[in-house]
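The values are calculated or read from the model by the stated rules, or taken from the named source; none is laboratory data. Bear in mind the structure is a predicted one, so any value in this text is a computation, not a measurement. Every residue, glycine as well, gets a Cβ built from its backbone with ideal geometry; the counts of neighbours run over all protein chains shown.
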Amino acid sequence: MLGDEAAARFFGAYELTPLAGQESLRTEAQTLEGEYPGVLRRRLPIDETREPGERNEARRQLLEVRNHRLQPARDEKLVVALNGLAIQAFARTGQLLGMPQYIEAARRSAEHMWLVAYDQNSGLRHEIFNDLPQTDAFLDDYALLGLGLLALHDATGDNKWRQRASRLADDLLARFLRTDGSLATTTAEKDLPLPPPEDGDNIYPSGSSAAVDLLLRLGRSTGATRYSDAARGIVDRLGHRLEDAPESWPALLMALDENDFAPSARSAAVPLLTQAVVRVSAVLKTGTDRDEVVVTLQIDDGYHVNANPASYDYLIATSLAFDRLTPTQVLYPEATLFKPSFAPAGLKVYEGKVALAASFRKGTVGTDSPIDAIVSTQACNSEICLPPAKLVVTVTRDRPF
């Protein structure tokens with residue numbers, strides 16, 4: 001098609017790589033006349049000053065021929081769960097960056113999902129193909145779309161989105177909640193010889209993780225205890241799996257942390273969060289020359305937090321800060337050397353009961369309004385680290401020193 005001379009010049013700038021399993025190329029020029037599929041790649045470096053117009057014309061001719069051939073098959077279905085993730089991402093990004101076009105993209109997608117994929121009587125569908133909804137939705141479809149709608153509510157203030165998220169959550173509990181408090185992943189579970197297990201979060205949050213996040217957010221937003229109670233029951237049932245492999249459930253642990261989840265008596269033995277094993281108190285002491293706030297950490301046996309400074313830059317050092325106040329000095333306690341199998345040289349940590357002391361200029365810490373101390377830390381044991389946390393405690397007044 002290009003001719004030998006033009007083809008030779010063209011392949012001075014591009015090379016043709018055959019697709020796997022296809023007949024080996026004989027010559028590049030012959031390939032242009034034959035039917036050997038391949039991928040064009042630019043050679044490097046390319047002298048852009050030489051014959052750019054001829055190369056552009058050659059590319060136009062090749063594209064015209066390519067457009068007469070059958071295009072590769074493309075998956076055209078719209079999966080509700082994935083659209084829920086995208087809606088959440090666009091809504092949050094638009095809100096944080098002040099980009100209303102992203103919020104509008106989220107709104108259009110949410111309206112389409114609601115109009116086409118949801119029916120008040122039959123519930124949600126898993127996917128849309130050629131504008132037709134099909135297949136009963138799975139747990140993650142309900143939960144992730146619900147989270148997307150909540151993100152739209154946060155970004156727009158339109159209560160319609162929270163109402164729709166609540167409707168999805170109610171349907172989720174009616175269709176997937178088992179009698180023992182755990183969640184099924186499909187409404188067809190009763191027809192299966194073995195229910196499909198959830199082994200944690202994968203390339204996106206598992207249905208259970210997303211469901212807990214949705215229920216906790218709705219519980220806080222609406223004040224409806226049925227949502228938070230259901231979330232607590234789900235976490236209780238997942239307790240042993242979280243204890244055995246917390247690294248497999250990052251989305252769930254993040255949801256628990258972001259929603260200030262406190263373990264129930266049943267799940268208290270399963271440390272899910274740093275705040276479950278580290279307790280903080282703070283007291284103000286006034287002296288003749290300075291004010292001092294002493295923050296005490298009580299760390300459960302078997303756990304530790306990184307010292308300040310931490311042994312390595314990538315570790316989260318325990319640090320102390322204050323709301324609206326800046327101390328003149330913070331004294332951190334002497335570290336203990338912890339030697340796990342993965343770090344034989346040892347790590348500098350705090351264990352048991354330790355105190356952090358922050359000094360302020362005399363009269364800086366007033367008594368008219370409460371002062372919050374903020375401890376940034378991460379609890380670990382010999383095998384795992386729990387999610388990092390910011391532990392906030394109100395400073396109480398003590399005797400002078």
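May I ask you to verify whether Pro197 is in the same structural domain as Leu252 (by TED's automatic domain parsing) and at pLDDT below 85? Reasoning before the result, please.
Numbers: in the same structural domain as Leu252 (by TED's automatic domain parsing): yes; at pLDDT below 85: yes.
Considered against the rule, which asks whether it is in the same structural domain as Leu252 (by TED's automatic domain parsing) and at pLDDT below 85, Pro197 comes out as yes.
Considering only the range 227-244, state which residues are under 16 Å from Asp257 (Cα atoms), in contact with a Ser or Thr (Cβ under 9 Å, 6 or more places away or on another chain) and among the small types (Gly, Ala, Ser).
Gly239
For the range 174-194, name all the residues that are hydrophobic (A, V, I, L, M, F, W, C) and either at pLDDT 95 or above or in a helix (DSSP H, G or I) (or both).
We begin by selecting, within the range 174-194, every residue hydrophobic (A, V, I, L, M, F, W, C); these are 174, 176-177, 183-184, 188, 192, 194.
Listed by number, the residues that qualify are Ala174, Phe176.
Is it true that Arg164 is touching a helix residue (DSSP H, G or I) at 6+ places or on another chain (Cβ under 8 Å), basic (Lys, Arg) and surrounded by fewer than 16 Cβ atoms within 10 Å (Cβ to Cβ)?
Numbers: touching a helix residue (DSSP H, G or I) at 6+ places or on another chain (Cβ under 8 Å): yes; basic (Lys, Arg): yes; surrounded by fewer than 16 Cβ atoms within 10 Å (Cβ to Cβ): no.
In short, no.
Counting only residues that are free of Cβ contacts under 8 Å to residues at least 12 places away in the same chain and not in a loop (DSSP other than H, G, I, E, B), which one in the range 62-86 is farthest from the chain's Cα centre (by Cα)? Break it down into steps so the answer makes sense when it comes.
Step one: of the range 62-86, the residues free of Cβ contacts under 8 Å to residues at least 12 places away in the same chain are 63-64, 66-75.
Next, only the ones that are not in a loop (DSSP other than H, G, I, E, B) stay: 63-64, 66.
Working: Leu63: 41, Glu64: 43, Arg66: 41 Å.
The qualifying residue farthest from the chain's Cα centre (by Cα) is Glu64.
Based on what the data block shows, is Pro344 in a loop (DSSP other than H, G, I, E, B) and either aliphatic (A, V, I, L, M) or free of Cβ contacts under 8 Å to residues at least 12 places away in the same chain (or both)? Walk me through how you get there before you give the answer.
On the way: in a loop (DSSP other than H, G, I, E, B): yes; either aliphatic (A, V, I, L, M) or free of Cβ contacts under 8 Å to residues at least 12 places away in the same chain (or both): yes.
In short, yes.
Got a sec? Which of Lys390, Lys353 is within 15 Å of Gln275 (Cα to Cα), loosely packed, with under 13 Cβ neighbours inside 10 Å and in contact (Cβ under 8 Å) with a residue 12 or more places away in the chain?
The match here is Lys353.
Output the residue which, of all residues in the range 303-337 that are in a strand (DSSP E or B) and touching a residue at least 40 places away in the same chain (Cβ under 8 Å), is surrounded by the fewest Cβ atoms within 10 Å (Cβ to Cβ). Break it down stepwise before answering.
At the first step, the residues of the range 303-337 found to be in a strand (DSSP E or B) are 304-306, 319-322, 329-331, 336-337.
From what is left, the residues that are touching a residue at least 40 places away in the same chain (Cβ under 8 Å) are 304-306, 319-322.
Working: His304: 27, Val305: 27, Asn306: 25, Ser319: 17, Leu320: 22, Ala321: 15, Phe322: 20.
Step by step, filter the range 303-337, then rank; the result is Ala321.
Determine which member of the set Ile384, Ile371 is under 32 Å from the mean Cα position of the chain (by Cα), of a type in the set (A, V, I, L, M) and surrounded by 15 or more Cβ atoms within 10 Å (Cβ to Cβ). Lay out the reasoning, then the answer.
Details: Ile384 fails: surrounded by 15 or more Cβ atoms within 10 Å (Cβ to Cβ).
Exactly one of Ile384, Ile371 is under 32 Å from the mean Cα position of the chain (by Cα), of a type in the set (A, V, I, L, M) and surrounded by 15 or more Cβ atoms within 10 Å (Cβ to Cβ), namely Ile371.
Would you confirm whether or not the range 87-104 contains a residue that is of a type in the set (D, E, K, R) and either under 15 Å from Trp161 (Cβ atoms) or assigned to a loop (DSSP other than H, G, I, E, B) (or both)?
Among the residues of the range 87-104, at least one is of a type in the set (D, E, K, R) and either under 15 Å from Trp161 (Cβ atoms) or assigned to a loop (DSSP other than H, G, I, E, B) (or both), which makes the answer yes.
When residues of the range 199-255 are filtered for being of a type in the set (Asp, Glu) and either surrounded by fewer than 15 Cβ atoms within 10 Å (Cβ to Cβ) or touching a strand residue (DSSP E or B) at 6+ places or on another chain (Cβ under 8 Å) (or both), how many remain?
Residues meeting the conditions: 5.
Show the residue pairs that are 6+ apart or on different chains and have beta-carbon atoms under 9 Å apart, the first residue being within the range 128-155 and on the phi > 0 side of the Ramachandran plot, the second being acidic (Asp, Glu).
Every condition considered, the pairs that remain are Asn130/Glu76; Thr135/Glu127.
For the range 151-159, does any single residue satisfy the condition of being among the acidic types (Asp, Glu), within 20 Å of the chain's Cα centre (by Cα) and over 18 Å from Gln95 (Cβ atoms)? Give the steps one after another, and end with the answer.
Applying the first criterion (among the acidic types (Asp, Glu)) to the range 151-159 yields 154, 158.
Add one more test, that the residue is within 20 Å of the chain's Cα centre (by Cα), and what stays is 154.
Those still in the list that are over 18 Å from Gln95 (Cβ atoms) too: none.
Checked the range 151-159: no residue is among the acidic types (Asp, Glu), within 20 Å of the chain's Cα centre (by Cα) and over 18 Å from Gln95 (Cβ atoms).
With respect to Ser359, is the statement that it is outside any loop (DSSP other than H, G, I, E, B), in contact (Cβ under 8 Å) with a residue 12 or more places away in the chain, among the polar types (S, T, N, Q) and within 22 Å of Glu258 (Cα to Cα) true?
Values: outside any loop (DSSP other than H, G, I, E, B): yes; in contact (Cβ under 8 Å) with a residue 12 or more places away in the chain: yes; among the polar types (S, T, N, Q): yes; within 22 Å of Glu258 (Cα to Cα): no.
For Ser359, the condition - outside any loop (DSSP other than H, G, I, E, B), in contact (Cβ under 8 Å) with a residue 12 or more places away in the chain, among the polar types (S, T, N, Q) and within 22 Å of Glu258 (Cα to Cα) - is not met.
Any idea which of (1) at pLDDT below 90; (2) over 31 Å from the mean Cα position of the chain (by Cα); (3) surrounded by 14 or more Cβ atoms within 10 Å (Cβ to Cβ) is the one Val293 doesn't satisfy?
(1)
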